[in-house]
1. Among the numbered criteria (1) under 20 Å from the mean Cα position of the chain (by Cα); (2) surrounded by fewer than 24 Cβ atoms within 10 Å (Cβ to Cβ); (3) within 21 Å of M349 (Cβ to Cβ), which one does G106 miss?
2. Criterion first (surrounded by fewer than 17 Cβ atoms within 10 Å (Cβ to Cβ) and of a type in the set (S, T, N, Q)) does S253 satisfy it?
3. Within the stretch 321-340, does at least one residue satisfy the condition of being closer than 24 Å to K177 by Cα, in contact (Cβ under 8 Å) with a residue 40 or more places away in the chain and touching a Leu at 6+ places or on another chain (Cβ under 9 Å)?
4. So the check is Cβ under 8 Å with 6+ separation or different chains; which pairs have a first residue in the stretch 156-169 that's touching a residue at least 60 places away in the same chain (Cβ under 8 Å) and a second one that's among the aliphatic types (A, V, I, L, M) and in a loop (DSSP other than H, G, I, E, B)?
5. Among (1) assigned to a helix (DSSP H, G or I); (2) modelled with pLDDT under 95, where does L42 come up short?
6. Do we find a residue being within 23 Å of A163 (Cα to Cα), touching a residue at least 60 places away in the same chain (Cβ under 8 Å) and surrounded by fewer than 21 Cβ atoms within 10 Å (Cβ to Cβ) anywhere in the stretch 287-297?
7. Residue under question is V248, and the condition is that it be within 23 Å of the chain's Cα centre (by Cα), over 23 Å from Q265 (Cα atoms) and among the β-branched types (V, I, T); does it hold?
8. Got a number for residues in the stretch 64-88 being part of a helix (DSSP H, G or I), of a type in the set (G, A, S) and surrounded by fewer than 20 Cβ atoms within 10 Å (Cβ to Cβ)?
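The values are calculated or read from the model by the stated rules, or taken from the named source; none is laboratory data. In this text, all values refer to a predicted model and were calculated from it rather than measured experimentally. Cβ atoms come from the backbone with ideal geometry, glycine included; neighbour counts cover every protein chain shown.
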Amino acid sequence: MKQKAMLATAILSAVCTAFAAQQQKEKSPLESSIAKGASFLLSRQAEDGHFSDPQMPALTALPLWALSGAGGVESSRLKKAADFVLSTQRADGGFYVPKPGRGGSGLGNYNTAVCLSALYDSALAPKDAMLKAREYIASSQLTGDDTLAGGFGYDKVSRRRYADLSNTSYAMSAMAKTQSLEEFRTSGKKVDIDWAKALDFVDNLMKKEGPDAGGAAYNDRTPQAGKSVGKDGKVSLRAYGSMTYAAVLSMCSAKLDRGDPRVRQALDYLKRHWTVDENPGMGSQGLYYFYDIMARALSAAGVEDVGGHFWKKELSARLISLQKEDGSWSNANNRFWEADPVLCTSFAMIALELCR
């Protein structure tokens, strides 16, 4: 009887091993791509848990965000990344490394919004740390009555008054994602941003007429995609793809849905300029940020197709085709740091995970 039991166990083990091997063999191209990307990222993790640049916590938070959604990643590796991010939190609640000589606080707004989103999704951070980060972000929103009011820039303290739609979308998304944490705030008033003012900032950057109608610009002062001159001779900054997706994500974070006229107008612009081959209006500049913000915006809006294009299918196929042999992605155009394969691989993986 004992021999029969041993034989049965051996047969069962062999069957399970064969089944697991067959499952691995039959893994979808999308899942295989994510797994290869995860292996690449893990090969780039430093002993103390950080990735790329230890003075930029967001460059560790983005891989943490990507790896948390990949599945099958050793928990100790995720915890090391999360612990490193947590080690950069300052007394004011922000995640950043101070750079006083540069007149700012080490891109505190950008780093904190990205870190808060990644830590929340990884479920590896104490609530108190995330509540402090919410306080930092809320205190960084610009007030006043100019066109920058309601928005967020790279830094809470800087030499000039500044805000842009990219940082604003990260801040709004992080605050929306973590809003339920306020239930655990034990002392003082619940913390939030001024959503109406933030929406005003976004709306001001959306084009109301002309060929760019529905599209959004980076801000009203920095011509990232160039300028255009209307029939009345008025100069305006051009809208482009990634910022229009950032506008959609911002509006969805503020609980607007695709029935809202502003969201519909932005989606109409994206239909007219649909592509996964480039960042419309910017070409290869910020291409992987474009893929990431596209996936996060369309997922938030609950959109399955854009003008007849099933975005998950087209985006995942494009990303899989761009993946390198070592599992990484990178951009030959280094604007916005995209020559860094850790940054691009994180963006690509987050996008692919939303294409599942």
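1. With respect to (1) under 20 Å from the mean Cα position of the chain (by Cα); (2) surrounded by fewer than 24 Cβ atoms within 10 Å (Cβ to Cβ); (3) within 21 Å of M349 (Cβ to Cβ), G106 is out only on (3).
2. no
3. Looking for residues that are closer than 24 Å to K177 by Cα, in contact (Cβ under 8 Å) with a residue 40 or more places away in the chain and touching a Leu at 6+ places or on another chain (Cβ under 9 Å), one finds none in the stretch 321-340, hence no.
4. L165/L205; L165/A217
5. The single condition L42 does not satisfy is (2).
6. No, that holds for no residue.
7. So V248 does not fit the description; no.
8. Total satisfying the criteria: 4.
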